[in-house]
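**Q** If you scroll down you'll find the structure; I have some questions about it.
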């Protein structure tokens, strides 16, 4: 499936929405003359609690058509959009993510975060980061059924995993489990977890702030004459594409390599829609098809600002016994370690995929 350009467009759109909604208050204040937008940006930038729901709306048919149009440019039959590919694209319209933060105190040490997801209509997947502990729950059985796994397959994996990592029975039952974030690095060393990468948060914040300034510099901002809450920002596809490449290179060079493997889209106007109501930024939206040459219609990546709220630790979470698992992986000198492990390499891989790539930095 040839979706590199669509992914690049989505990243450019998501970057635009994120930097404006999350950390572009000062830039908007400096570049937008209208007092309403300045105040809304300033208020959002100073919020101690806030959330953002990311979804896709518009026409699923338009998205599939754009994907087929882009795939046809390669001339490679392997890039053809299959019925299964089209099904996945349509599922995006029934999915969403909500990211929230709670600056519980004055410093960053007690900051809290959460990510919740609706996956093709299945709700209940959530990750929270509170007091250096990661809390996770997901409707495993429903998700497995949604994506074609049988009940027997889920039970087999559950039985094998539960035998080696205490507390996973609750996870497979769709209940809250908790993991001490300091243990993630140790867990990763066994091959059963995800490395807790050191993310330079200040650098990331600075780069996002720079992206906001670069994207908005020189852009025109006008009010919709039919809707006083609607502001239309116009820039260019080339500028947005170049900025997402710059940001990707600064944050993760591997992402930048993927983006530069395809030529940039033709330069043309790009429109970003903002909604400000009662002095508050309530939504931002960008048409992803602007990044696909020749595409028509509308498929919008939409970010809605949600009401901030306290993020607390679930009271009924079952603790994942990482220490016990690590001990079970140890064996006396000269012993065959692989023979003592309860989980096979494939089991560990599947377990890792279920737990997902969750780090403290990603959720804080």
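The values are calculated or read from the model by the stated rules, or taken from the named source; none is laboratory data. Every value quoted in this text rests on a predicted model; they were computed, and no experiment measured them. Note that we place each Cβ from the backbone using ideal geometry, even for glycine, and neighbour counts take in every protein chain shown.
**Q** Looking at the stretch 31-54 only, could you name the residues that are crowded, with 18+ Cβ neighbours inside 10 Å and modelled with pLDDT of 85 or more?
**A** Within the stretch 31-54, 51, 52, 54 meet the criteria.
**Q** Taking the stated definitions as given, is residue 320 surrounded by 13 or more Cβ atoms within 10 Å (Cβ to Cβ), at pLDDT below 90 and in contact with a strand residue (DSSP E or B) (Cβ under 6 Å, 6 or more places away or on another chain)?
**A** So residue 320 passes the test.
**Q** Moving on. Among the residues of the stretch 108-122 satisfying the criterion of being in contact with a helix residue (DSSP H, G or I) (Cβ under 9 Å, 6 or more places away or on another chain) and part of a strand (DSSP E or B), which is farthest from residue 87 (Cα to Cα)?
**A** 112
**Q** Hey, any hits in the stretch 261-279 for a residue that's farther than 30 Å from residue 170 by Cβ, touching a residue at least 12 places away in the same chain (Cβ under 8 Å) and either under 18 Å from the mean Cα position of the chain (by Cα) or in a helix (DSSP H, G or I) (or both)?
**A** To start, the set of residues in the stretch 261-279 that are farther than 30 Å from residue 170 by Cβ comprises 261-279.
Add one more test, that the residue is touching a residue at least 12 places away in the same chain (Cβ under 8 Å), and what stays is 261-262, 264-277, 279.
Subset that is either under 18 Å from the mean Cα position of the chain (by Cα) or in a helix (DSSP H, G or I) (or both): none.
No, every residue in the stretch 261-279 fails to be farther than 30 Å from residue 170 by Cβ, touching a residue at least 12 places away in the same chain (Cβ under 8 Å) and either under 18 Å from the mean Cα position of the chain (by Cα) or in a helix (DSSP H, G or I) (or both).
**Q** Any idea which residue in the stretch 55-88 is surrounded by the most Cβ atoms within 10 Å (Cβ to Cβ), counting only those that are assigned to a helix (DSSP H, G or I) and in contact with a strand residue (DSSP E or B) (Cβ under 9 Å, 6 or more places away or on another chain)?
**A** 66
**Q** So, of the residues in the stretch 163-182 that are under 16 Å from residue 114 (Cα atoms) and crowded, with 19+ Cβ neighbours inside 10 Å, which turns out to be modelled with the lowest pLDDT?
**A** Across the stretch 163-182, the extreme among qualifying residues is 181.
**Q** Which one of these does residue 299 not meet: (1) touching a helix residue (DSSP H, G or I) at 6+ places or on another chain (Cβ under 6 Å); (2) modelled with pLDDT of 90 or more; (3) surrounded by fewer than 20 Cβ atoms within 10 Å (Cβ to Cβ)?
**A** Answer for residue 299: the failing condition is (3).
**Q** Still on this structure, I have one more. Kindly indicate whether residue 129 is within 23 Å of residue 323 (Cβ to Cβ) and in contact with a strand residue (DSSP E or B) (Cβ under 9 Å, 6 or more places away or on another chain).
**A** It is true that residue 129 is within 23 Å of residue 323 (Cβ to Cβ) and in contact with a strand residue (DSSP E or B) (Cβ under 9 Å, 6 or more places away or on another chain).
**Q** Still on this structure: Report, by residue number, each residue of the stretch 123-160 that is assigned to a strand (DSSP E or B) and surrounded by 16 or more Cβ atoms within 10 Å (Cβ to Cβ).
**A** 125, 126, 127, 128, 129, 130, 133, 134, 135, 136, 137, listed by residue number.
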